[in-house]
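Here the structure is laid out as structure tokens; the discussion comes afterwards.
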Amino acid sequence: MEKRDYYEVLGVEKNATADEIKKAYRKKAIQYHPDRNPGDKEAEEKFKEAAEAYDVLSNPDKRARYDQFGHAGMSGAAGNGGPFGGFGGGMSMDDIFSMFGDIFGGHGGFGGFSGFGGGGGAQQRRYRGSDLRVKVKLTLKEISTGVEKKFKLKKYVPCPHCHGSGAEGDGGMETCPTCKGTGSVIRNQQTILGTMQTRTTCPTCGGEGHIIKNKCKECGGEGIVYGEEIVTVKIPKGVAEGMQLSMSGKGNAGKHNGVPGDLLILVEEEPDKELIRDENDLIYNLLLSFPTAALGGTVEIPTIDGKVKVKIEPGTQPGKVLRLRSKGLPSVNGYGTGDLLVNVSVYVPETLSKDEKKALEEMKESDNFQPNTSIKEKIFRKFRNLFE
């Protein structure tokens, strides 16, 4: 199913401010909140879709990439479908509330709605792992078709001994006695307006809702250990130098079964020996011999897919540009393919044999070898444009 435009999802214009985006997301989140729509799968998907759109549009870097490259600029990893990976890569409702708790009034609920796993509207704290960054160098051929790359990542992974909890054995963890597992406490404060209630993070458990009594002997209670993982990244076709792709949930693991960070992939282009990239177009500088330029003929031109034969018309002038349609690179957004532009130059030999000089001397007197007025004017205009 094709993804909708993030601005359309939140119902905002492309020039919307950060505050307008935040307000629009909160409105959508309240509308499709699962507590208001129990058992409604469609509402749940719209709730997730709005969270995904907000994650991108509320982040200046992600928003800039999205504005330039669309959905392809946000994904590129094994069909993950976006910065949240379609919420299929370990993300859940709890993750949404954890990441955007400030939108929900600080605790996952909306004025009476309980939220998820919060116990009466509270939201337990979940640690988030840090992001990882890797570079991938691509050839023009790989950029034109898209490619899969494998990376062996050295990173923090969930502890296999305690399964990421940080506790040793079944009895190594207990519910926090202060907050009763909610992760927050309510404090009453007397003011001139009367008694005010505020909800704050539980000082005993740090907002996690539980306390580790016996720490795991392998990870020391952190729930994470240093390890490695092989990750396959699917690079979409048409990417460009400096573009950054995002793969959700493939960064460092979060402590105590928290939210994993993302894997950020920075694209670098490997220079081609013959072709030069200009956005989606490719440029090739063709050097013709004088006889071929004068008499015409057939030459081979390199393309991404191999060499092709191109007909040279008799009397081809230096500076002429031949355009090979759709022989360039595809757009990363899927809107067409660029062209291959062939810039024609004519080679003038530096040394000549006696017979060659004699032949050219004879040709020099011919009117056909004298540049006419229209050609002189074209050359003059071309050089004048270079200096204007």
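Key figures for this structure:
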{"read-out": "Charge sum, other residues only, whose C-beta stays under 14 Å from Ser144's C-beta, Lys/Arg counted +1 and Asp/Glu -1", "value": "-4"}
{"read-out": "Net charge of Cβ neighbours under 11 Å - reference Met243; Lys, Arg +1; Asp, Glu -1", "value": "-2"}
{"read-out": "Sequence-distant aspartates and glutamates (8 or more away, or on other chains) whose Cα lies within less than 12 Å of Lys62", "value": "Glu52"}
{"read-out": "Computed accessible area, Asp61, all protein chains, 1.4 angstrom probe, square angstrom", "value": "110 Å²"}
{"read-out": "Student exercise, segment 284-345 dipole from Lys, Arg, Asp, Glu Cβ charges, in Debye to nearest 20", "value": "80 debye"}
{"read-out": "Nearby lysines by direct alpha-carbon distance to Lys307 (threshold 29 angstrom, same-chain neighbours under 8 apart not counted)", "value": "Lys137, Lys141, Lys149, Lys234, Lys237, Lys273, Lys320, Lys327"}
{"read-out": "Geometric extent, Cα atoms of segment 124-209 - Rg, Dmax (angstrom)", "value": "23.1, 72"}
{"read-out": "Local electrostatic count at Thr303 - Lys and Arg +1, Asp and Glu -1, tallied over other residues with Cβ under 12 Å", "value": "0"}
{"read-out": "Cβ-based charge dipole, segment 166-303, positive-most Cα from Gly220, Met173, Ile235", "value": "Met173"}
{"read-out": "Electrostatic dipole magnitude of segment 188-270 [Cβ: Lys, Arg +1; Asp, Glu -1; Cα centre; debye, to 20]", "value": "660 debye"}
{"read-out": "Binned Cα-Cα distances of segment 1-42, short to long, each 5 Å bin given as a whole percent", "value": "5, 22, 23, 18, 20, 9, 2, 0"}
{"read-out": "Other-chain or far-sequence residues with amide H under 5 Å of Leu138's (modelled H)", "value": "Glu268, Glu269, Glu270"}
{"read-out": "Listed pairs Lys154/Lys255; Lys46/Lys150; Lys3/Lys23 exceeding 25 Å between Cα atoms", "value": "Lys46/Lys150"}
{"read-out": "Cα-Cα pairs of segment 246-329 separated by more than 19 Å (percent)", "value": "58 percent"}
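The values are calculated or read from the model by the stated rules, or taken from the named source; none is laboratory data. Just so we're clear, the structure is a prediction, and the values are computed from it rather than from any experiment. Neighbour counts are summed over all protein chains in view; Cβ atoms, including those assigned to glycine, are modelled from backbone coordinates with ideal geometry. Accessible surface is based on the protein model in full, side chains and every heavy atom, while ligands, DNA and RNA are left aside. Shrake-Rupley method; radii C 1.70, N 1.55, O 1.52, S 1.80 Å.
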